[in-house]
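Undergrad: Attaching a single structure in C-alpha coordinates format; questions to follow.
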Amino acid sequence: MSDEIKVLNRARYSQFADRYVNSPVHSQGDDLARLLEFVPENRELRALDVATGGGHTALGTAARVGWQVASDLTLNMLRASREFLTGKGRSNLAYSGADAEALPFASGSFDLVTCRIAAHHFPDAFRFACECTRVLRPGGLLLVIDQVVPDDERAARYVNAFETLRDPSHVRAFAAYEWEGMLLDAGLLVEAIEFFNRRHELLDWAARQSNPPEVVEHLQILLMRAPDEAAQHLAAQHAGTAAASFLIHQILIAGRKQIGRASCRERV
(Lines give C-alpha, C1' and ligand atoms only; values in the text may rest on other atoms or scores of the structure.)
Protein backbone atom coordinates (compact mmCIF):
# COMPACT_ATOMS: atom_id res chain seq x y z
CA MET A 1 0.00 0.00 0.00
CA SER A 2 2.88 2.38 0.77
CA ASP A 3 4.31 2.07 -2.75
CA GLU A 4 0.85 2.35 -4.30
CA ILE A 5 0.19 5.62 -2.46
CA LYS A 6 3.52 7.03 -3.62
CA VAL A 7 2.77 6.10 -7.22
CA LEU A 8 -0.63 7.77 -6.87
CA ASN A 9 0.96 10.88 -5.40
CA ARG A 10 3.38 11.14 -8.30
CA ALA A 11 0.62 10.64 -10.85
CA ARG A 12 -1.76 13.22 -9.39
CA TYR A 13 0.77 15.92 -8.57
CA SER A 14 2.51 15.54 -11.92
CA GLN A 15 -0.79 16.66 -13.45
CA PHE A 16 -1.49 19.51 -11.04
CA ALA A 17 1.99 20.93 -10.37
CA ASP A 18 1.35 24.40 -11.82
CA ARG A 19 -1.84 24.76 -9.79
CA TYR A 20 0.12 24.37 -6.57
CA VAL A 21 2.82 26.80 -7.64
CA ASN A 22 0.10 29.39 -8.25
CA SER A 23 -2.22 28.48 -5.37
CA PRO A 24 -2.81 31.33 -2.88
CA VAL A 25 -3.36 28.71 -0.16
CA HIS A 26 0.18 27.45 -0.61
CA SER A 27 1.99 30.65 -1.60
CA GLN A 28 0.86 32.79 1.32
CA GLY A 29 -0.89 32.70 4.67
CA ASP A 30 -0.42 33.31 8.38
CA ASP A 31 0.98 29.79 8.79
CA LEU A 32 3.83 30.40 6.32
CA ALA A 33 4.62 33.79 7.82
CA ARG A 34 4.71 32.27 11.30
CA LEU A 35 6.96 29.39 10.20
CA LEU A 36 9.48 31.87 8.82
CA GLU A 37 9.57 33.66 12.18
CA PHE A 38 11.14 30.51 13.65
CA VAL A 39 14.01 30.67 11.12
CA PRO A 40 16.96 32.86 12.20
CA GLU A 41 18.78 34.94 9.62
CA ASN A 42 22.12 33.15 9.57
CA ARG A 43 24.19 32.53 6.43
CA GLU A 44 25.93 29.60 8.13
CA LEU A 45 22.74 27.54 8.22
CA ARG A 46 21.89 24.71 5.83
CA ALA A 47 18.19 23.99 5.30
CA LEU A 48 16.06 21.29 3.66
CA ASP A 49 12.44 21.64 2.56
CA VAL A 50 10.76 18.23 2.30
CA ALA A 51 7.89 17.80 -0.20
CA THR A 52 8.45 21.36 -1.34
CA GLY A 53 5.43 21.40 -3.67
CA GLY A 54 5.32 24.85 -5.27
CA GLY A 55 8.50 25.85 -3.44
CA HIS A 56 7.02 28.66 -1.36
CA THR A 57 8.48 27.53 1.97
CA ALA A 58 11.89 26.97 0.39
CA LEU A 59 11.75 30.48 -1.08
CA GLY A 60 11.07 32.01 2.33
CA THR A 61 13.74 30.07 4.20
CA ALA A 62 16.34 30.55 1.43
CA ALA A 63 16.20 34.28 2.11
CA ARG A 64 17.34 33.63 5.68
CA VAL A 65 19.90 30.81 5.46
CA GLY A 66 23.13 30.17 3.59
CA TRP A 67 22.11 27.09 1.62
CA GLN A 68 18.67 25.70 0.86
CA VAL A 69 17.70 22.34 -0.67
CA ALA A 70 14.18 21.95 -2.07
CA SER A 71 13.11 18.30 -2.39
CA ASP A 72 10.03 16.49 -3.64
CA LEU A 73 8.95 12.95 -4.49
CA THR A 74 7.26 14.14 -7.71
CA LEU A 75 9.82 15.29 -10.27
CA ASN A 76 7.29 17.26 -12.33
CA MET A 77 6.39 19.17 -9.18
CA LEU A 78 10.08 19.75 -8.49
CA ARG A 79 10.58 21.06 -12.03
CA ALA A 80 7.67 23.45 -11.63
CA SER A 81 8.97 24.73 -8.29
CA ARG A 82 12.47 25.11 -9.74
CA GLU A 83 11.12 27.23 -12.60
CA PHE A 84 9.19 29.35 -10.10
CA LEU A 85 12.14 29.76 -7.72
CA THR A 86 14.64 30.47 -10.49
CA GLY A 87 12.43 33.36 -11.50
CA LYS A 88 12.80 34.79 -7.99
CA GLY A 89 16.56 35.24 -8.46
CA ARG A 90 17.81 33.22 -5.51
CA SER A 91 21.28 31.71 -6.01
CA ASN A 92 21.54 29.59 -2.84
CA LEU A 93 19.04 26.89 -3.86
CA ALA A 94 19.60 23.28 -4.87
CA TYR A 95 17.01 20.68 -5.87
CA SER A 96 16.68 16.97 -5.14
CA GLY A 97 14.18 14.26 -5.84
CA ALA A 98 13.53 12.68 -2.45
CA ASP A 99 11.21 10.28 -0.70
CA ALA A 100 10.26 11.87 2.65
CA GLU A 101 10.53 8.46 4.30
CA ALA A 102 14.03 7.73 2.94
CA LEU A 103 15.84 11.05 2.56
CA PRO A 104 18.96 10.76 0.34
CA PHE A 105 21.16 12.87 2.62
CA ALA A 106 23.87 12.06 5.14
CA SER A 107 23.08 12.14 8.84
CA GLY A 108 23.60 15.55 10.41
CA SER A 109 23.54 17.41 7.07
CA PHE A 110 21.11 20.20 7.98
CA ASP A 111 20.47 22.81 10.65
CA LEU A 112 16.81 23.18 9.63
CA VAL A 113 14.23 20.89 8.04
CA THR A 114 10.79 22.17 7.00
CA CYS A 115 7.69 20.46 5.64
CA ARG A 116 4.48 22.40 4.97
CA ILE A 117 1.05 21.05 3.98
CA ALA A 118 2.39 17.71 2.77
CA ALA A 119 2.75 15.13 5.55
CA HIS A 120 -0.87 13.97 5.25
CA HIS A 121 0.27 12.35 1.97
CA PHE A 122 3.02 10.25 3.58
CA PRO A 123 2.22 6.55 4.08
CA ASP A 124 4.42 6.48 7.21
CA ALA A 125 4.58 9.88 8.91
CA PHE A 126 6.62 8.51 11.81
CA ARG A 127 9.31 7.28 9.43
CA PHE A 128 9.34 10.79 7.94
CA ALA A 129 9.87 12.24 11.43
CA CYS A 130 12.70 9.76 12.05
CA GLU A 131 14.37 10.68 8.77
CA CYS A 132 14.14 14.38 9.57
CA THR A 133 15.75 13.73 12.94
CA ARG A 134 18.53 11.73 11.30
CA VAL A 135 19.48 14.41 8.77
CA LEU A 136 19.40 17.18 11.39
CA ARG A 137 22.57 18.04 13.24
CA PRO A 138 22.33 18.02 17.07
CA GLY A 139 20.48 21.17 18.04
CA GLY A 140 18.84 21.41 14.61
CA LEU A 141 15.18 22.29 14.19
CA LEU A 142 12.27 20.56 12.42
CA LEU A 143 9.27 22.73 11.50
CA VAL A 144 6.14 20.95 10.29
CA ILE A 145 2.86 22.51 9.22
CA ASP A 146 0.05 20.18 8.27
CA GLN A 147 -3.66 19.65 8.48
CA VAL A 148 -4.87 18.56 11.90
CA VAL A 149 -7.99 16.61 12.82
CA PRO A 150 -10.05 16.53 16.03
CA ASP A 151 -8.91 14.40 18.98
CA ASP A 152 -12.21 12.51 18.77
CA GLU A 153 -11.49 9.37 16.72
CA ARG A 154 -14.87 9.19 14.97
CA ALA A 155 -14.71 12.83 13.94
CA ALA A 156 -11.11 12.40 12.80
CA ARG A 157 -12.10 9.49 10.55
CA TYR A 158 -14.92 11.54 9.04
CA VAL A 159 -12.67 14.52 8.27
CA ASN A 160 -10.02 12.23 6.76
CA ALA A 161 -12.68 10.52 4.61
CA PHE A 162 -13.81 13.96 3.37
CA GLU A 163 -10.20 14.79 2.42
CA THR A 164 -9.59 11.42 0.75
CA LEU A 165 -12.72 11.70 -1.39
CA ARG A 166 -11.40 14.93 -2.86
CA ASP A 167 -7.80 13.64 -3.15
CA PRO A 168 -7.25 9.85 -3.05
CA SER A 169 -3.53 10.41 -2.38
CA HIS A 170 -4.44 11.85 1.03
CA VAL A 171 -3.36 9.21 3.57
CA ARG A 172 -4.14 10.67 6.97
CA ALA A 173 -4.13 13.92 8.88
CA PHE A 174 -3.28 13.51 12.57
CA ALA A 175 -4.54 15.01 15.80
CA ALA A 176 -2.22 17.38 17.66
CA TYR A 177 -1.43 14.85 20.39
CA GLU A 178 -0.36 12.35 17.71
CA TRP A 179 2.05 14.83 16.14
CA GLU A 180 3.55 15.63 19.50
CA GLY A 181 4.03 11.93 20.26
CA MET A 182 5.63 11.26 16.87
CA LEU A 183 8.21 14.00 17.28
CA LEU A 184 9.03 12.98 20.84
CA ASP A 185 9.43 9.34 19.79
CA ALA A 186 11.65 10.44 16.90
CA GLY A 187 14.08 12.02 19.35
CA LEU A 188 12.97 15.65 19.17
CA LEU A 189 12.16 18.06 21.97
CA VAL A 190 8.87 19.78 21.11
CA GLU A 191 9.41 23.51 21.56
CA ALA A 192 6.19 24.95 20.13
CA ILE A 193 2.73 23.93 18.98
CA GLU A 194 0.47 26.49 17.31
CA PHE A 195 -2.77 26.31 15.34
CA PHE A 196 -4.18 28.09 12.30
CA ASN A 197 -7.55 27.99 10.54
CA ARG A 198 -8.21 28.75 6.92
CA ARG A 199 -11.59 28.86 5.22
CA HIS A 200 -11.71 27.10 1.84
CA GLU A 201 -14.26 27.59 -0.91
CA LEU A 202 -15.42 24.06 -1.69
CA LEU A 203 -15.66 24.47 -5.46
CA ASP A 204 -12.19 26.02 -5.77
CA TRP A 205 -10.72 23.38 -3.44
CA ALA A 206 -12.29 20.57 -5.50
CA ALA A 207 -11.25 22.14 -8.82
CA ARG A 208 -7.58 22.12 -7.79
CA GLN A 209 -7.81 18.31 -7.97
CA SER A 210 -10.09 18.27 -11.04
CA ASN A 211 -12.92 16.59 -9.14
CA PRO A 212 -15.85 15.63 -11.42
CA PRO A 213 -19.40 16.82 -10.61
CA GLU A 214 -20.38 13.59 -8.86
CA VAL A 215 -17.46 13.90 -6.42
CA VAL A 216 -18.30 17.55 -5.74
CA GLU A 217 -21.88 16.51 -5.02
CA HIS A 218 -20.68 13.85 -2.59
CA LEU A 219 -18.41 16.39 -0.87
CA GLN A 220 -21.41 18.69 -0.46
CA ILE A 221 -23.40 15.84 1.10
CA LEU A 222 -20.57 15.06 3.54
CA LEU A 223 -20.53 18.71 4.63
CA MET A 224 -24.31 18.75 5.14
CA ARG A 225 -24.47 15.44 7.03
CA ALA A 226 -21.37 15.66 9.18
CA PRO A 227 -21.87 14.35 12.74
CA ASP A 228 -21.59 16.88 15.55
CA GLU A 229 -17.84 16.73 16.33
CA ALA A 230 -16.88 16.68 12.66
CA ALA A 231 -19.40 19.43 11.85
CA GLN A 232 -17.90 21.67 14.53
CA HIS A 233 -14.44 21.08 13.11
CA LEU A 234 -15.43 21.70 9.48
CA ALA A 235 -17.63 24.70 10.39
CA ALA A 236 -19.37 24.57 7.00
CA GLN A 237 -21.14 27.60 5.58
CA HIS A 238 -23.69 27.51 2.74
CA ALA A 239 -23.27 23.74 2.34
CA GLY A 240 -25.08 22.38 -0.68
CA THR A 241 -24.69 25.62 -2.67
CA ALA A 242 -22.09 27.07 -5.02
CA ALA A 243 -20.92 29.25 -2.12
CA ALA A 244 -20.16 26.29 0.18
CA SER A 245 -17.08 26.70 2.34
CA PHE A 246 -15.46 25.00 5.31
CA LEU A 247 -12.47 25.28 7.62
CA ILE A 248 -9.21 23.40 7.35
CA HIS A 249 -7.30 23.42 10.62
CA GLN A 250 -3.51 23.35 10.63
CA ILE A 251 -0.86 22.64 13.23
CA LEU A 252 2.61 24.15 13.35
CA ILE A 253 4.90 21.99 15.46
CA ALA A 254 8.56 22.69 16.13
CA GLY A 255 10.91 19.97 17.34
CA ARG A 256 14.60 20.33 18.15
CA LYS A 257 17.12 17.50 17.97
CA GLN A 258 18.62 17.06 21.38
CA ILE A 259 22.39 16.98 21.72
CA GLY A 260 23.56 13.53 22.77
CA ARG A 261 20.25 11.80 22.04
CA ALA A 262 20.07 9.24 19.23
CA SER A 263 17.45 9.40 16.52
CA CYS A 264 14.81 6.69 16.35
CA ARG A 265 16.59 4.92 13.48
CA GLU A 266 19.85 4.88 15.45
CA ARG A 267 18.08 3.46 18.51
CA VAL A 268 16.56 0.50 16.65
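Undergrad: With a 10 Å cut-off between alpha carbons and a GNM built on the chain, which of R127, R116, R154 moves the most?
TA: R154
Undergrad: Suppose only helical runs count, i.e. DSSP H with n ≥ 4. What mean residue ellipticity at 222 nm does that imply for the chain under -39500 (n - 2.57) per run, divided by all residues and rounded to the nearest 500 deg cm²/dmol?
TA: -12000 deg cm²/dmol
Undergrad: Taking the full set of protein chains and a 1.4 angstrom probe, give the accessible area of W179 in square angstrom, rounded to the nearest 10.
TA: So the heavy atoms of W179 present about 0 Å² to solvent.
Undergrad: Let me ask something else. Of the candidates M77, M182, M224, which one comes out as most mobile in a Gaussian network treatment of the chain with C-alpha springs shorter than 10 Å?
TA: M224
Undergrad: Determine the share of the range 96-237's accessible area contributed by carbon and sulfur atoms, expressed in whole percent, with a 1.4 angstrom probe. Don't skip to the end; give the middle numbers.
TA: Details: 2870 of 5630 Å².
In the range 96-237, the share of accessible area belonging to carbon and sulfur is 51 percent.
Undergrad: Moving to a separate point now. Given charges of +1 on the Cβ of Lys and Arg and -1 on the Cβ of Asp and Glu, with all other atoms neutral, how large is the dipole of the chain about its Cα centre, in debye to the nearest 20?
TA: Numbers: 29 positive and 34 negative charges, 168 e Å.
Charge dipole, the chain, about its Cα centre: 800 debye, nearest 20.
Undergrad: Shifting gears a bit: Treat every Asp and Glu Cβ in the range 33-151 as -1 and every Lys and Arg Cβ as +1, leave all other atoms uncharged, and give the resulting dipole magnitude about the Cα centre to the nearest 20 debye. List each step's numbers first, then the result.
TA: Details: 12 positive and 13 negative charges, 85 e Å.
I would put it at about 400 debye.
Undergrad: Rounded, prolate or oblate: which one fits the range 83-214, using the alpha carbon gyration tensor with axes a ≥ b ≥ c (rounded when a/c is under 1.5, else prolate when a/b beats b/c, else oblate)?
TA: On the way: a/c = 2.05, a/b = 1.28, b/c = 1.60.
Oblate, since a/c reaches 1.5 and b/c is not below a/b.
Undergrad: Any idea of the accessible area per residue across the chain, 1.4 Å probe, to the nearest Å²? Don't jump to the answer; show the numbers that get you there.
TA: Details: 11810 Å² over 268 residues.
Result: 44 Å² of accessible area for each residue.
Undergrad: Another question about this same structure. What cysteines in the chain have no other cysteine with a beta carbon less than 4.7 Å from their beta carbon?
TA: Unpaired cysteines in the chain: C115, C132.
Undergrad: Now a separate question. Which one, A239, H170, T114, is farthest towards the positive end of the dipole of the chain when Lys and Arg carry +1 and Asp and Glu -1 on their Cβ?
TA: Comparing the listed Cα positions along the dipole, T114 ranks first.
Undergrad: Nothing charged except the Cβ atoms of Lys and Arg (+1) and of Asp and Glu (-1): what's the magnitude of the dipole of the range 109-161 about its Cα centre? Round to the nearest 20 debye. Don't jump to the answer; show the numbers that get you there.
TA: Working: 6 positive and 7 negative charges, 30 e Å.
In debye, rounded to 20, the range 109-161 gives about 140.
Undergrad: For a quick check, take a GNM of the chain with Cα springs below 10 Å and name the residue from P227, P150, P123 with the largest mean-square fluctuation.
TA: Evaluated over the chain, the most mobile residue of the options is P227.
The values are calculated or read from the model by the stated rules, or taken from the named source; none is laboratory data. As the structure is a prediction and not an experimental result, all values here were calculated from the model. Positions of Cβ are generated from backbone atoms using ideal geometry, with glycine treated the same way; all protein chains shown enter the neighbour counts. The accessibility values were calculated without ligands, DNA or RNA, using every heavy atom of the protein model including side chains. Shrake-Rupley method; radii C 1.70, N 1.55, O 1.52, S 1.80 Å.
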